[in-house]
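See structure below.
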Amino acid sequence: MCQPPVTKPEVERKPKITASRKLLLKSLMLARAKECWEQELEEREAEKKRYLAERVPALQTRGLSLSALQDLCRDLHAKVEVVDEERYDIEAKCLHNTREIKDLKLKVLDLRGKFKRPPLRRVRVSADAMLRALLGSKHKVSMDLRANLKSVKKEDTEKERPVEVGDWRKNVEAMSGMEGRKKMFDAAKSPTTQ
């Protein structure tokens, strides 16, 4: 009983996603991203409201006398002044930092302009010179690898096969038909046997 030769199982390639499937997946991803973005905006608004409610309590001006209202206004003005001073300090620090960053960028550009990198050239160094440069006077072994190679004479293949120049019409007539094919076969066989 003859069994077929054992072949390696072919690796099954996964089919590429169709254009409609790609479009569906893309639309689903965009819808999910939109939901996440809207949820994030709602969370930010809730956080902002919570922070403002914590930091800025609601004013209760009803039932206060004139002097109590004046005291409340003085307190609010004092708080506003403190916040304005802090804001001014922060703005001054930011301006100082931006100026410093700008100056440093200019310095970097100046340094790049002054020191131009020279074009690198390929340098041919022998193995002996490389070892001498690395090891100094300790280098004693010669790395001349070509000295140990055997010399081999190349055989002239052109001398073995002389080129025959003749009338091309005779060659065509001689090579036509089955006899010509046999001659070509014998001619191709003979140089390898010599």
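Quick check: pseudo-label points 7 Å beyond the Cα along Cα→Cβ at E42 and M130, how many nm apart are they?
6.8 nm
How many percent of the accessible area of the stretch 17-58 is carbon or sulfur, using a 1.4 Å probe? Don't skip to the end; give the middle numbers.
Values: 2600 of 4260 Å².
So the carbon and sulfur contribution to the accessible surface is 61 percent.
In whole percent, how big is the carbon plus sulfur part of the accessible area of the stretch 61-113, probe 1.4 Å, protein atoms only?
Working: 3070 of 5110 Å².
Its accessible area is 60 percent carbon and sulfur atoms.
Arrange the residues L28, L64 by how much accessible surface each exposes, largest first, with a 1.4 angstrom probe. Please list the in-between numbers first.
Values: L28 100, L64 70 Å².
Putting L28, L64 in descending order of accessible area: L28, L64.
Tell me the accessible surface of H96 in square angstrom (1.4 angstrom probe, heavy atoms of protein chains only), to the nearest ten.
Number for this one is 110 Å².
Ignoring ligands and nucleic acids, what accessible area does K105 show with a 1.4 Å probe (Å², nearest 10)?
My reading of the accessible area for K105 is about 130 Å².
How much solvent-accessible surface does E43 expose, in Å² to the nearest 10, with a 1.4 Å probe and all protein chains in place?
That residue has around 110 Å² of solvent-accessible surface.
Put a dot 7 Å past each Cα toward the Cβ at S27 and L109; how far apart are the dots in nm?
Label-label distance for L109 and S27, simple model: 5.0 nm.
With a 1.4 Å probe and all protein chains left in place, how much accessible area per residue does the stretch 61-113 have, in Å²? Let's see the in-between values first.
On the way: 5110 Å² over 53 residues.
Solvent-accessible surface per residue comes out at 96 Å².
Taking only protein heavy atoms into account and a 1.4 Å probe, give the accessible area per residue of the stretch 17-58 in Å².
On the way: 4260 Å² over 42 residues.
Accessible area per residue, the stretch 17-58: 101 Å².
Kirkwood hydrodynamic radius for the stretch 61-113: how many Å is it when counted over pairs of different Cα atoms?
14.7 Å
The values are calculated or read from the model by the stated rules, or taken from the named source; none is laboratory data. The structure displayed is predicted, hence computed values, not measured ones. We place every Cβ from the backbone using ideal geometry, glycine too, and count neighbours over all the protein chains shown. Calculation scope for accessible area: heavy atoms of the full protein, side chains included, ligands and nucleic acids excluded. Shrake-Rupley method; radii C 1.70, N 1.55, O 1.52, S 1.80 Å.
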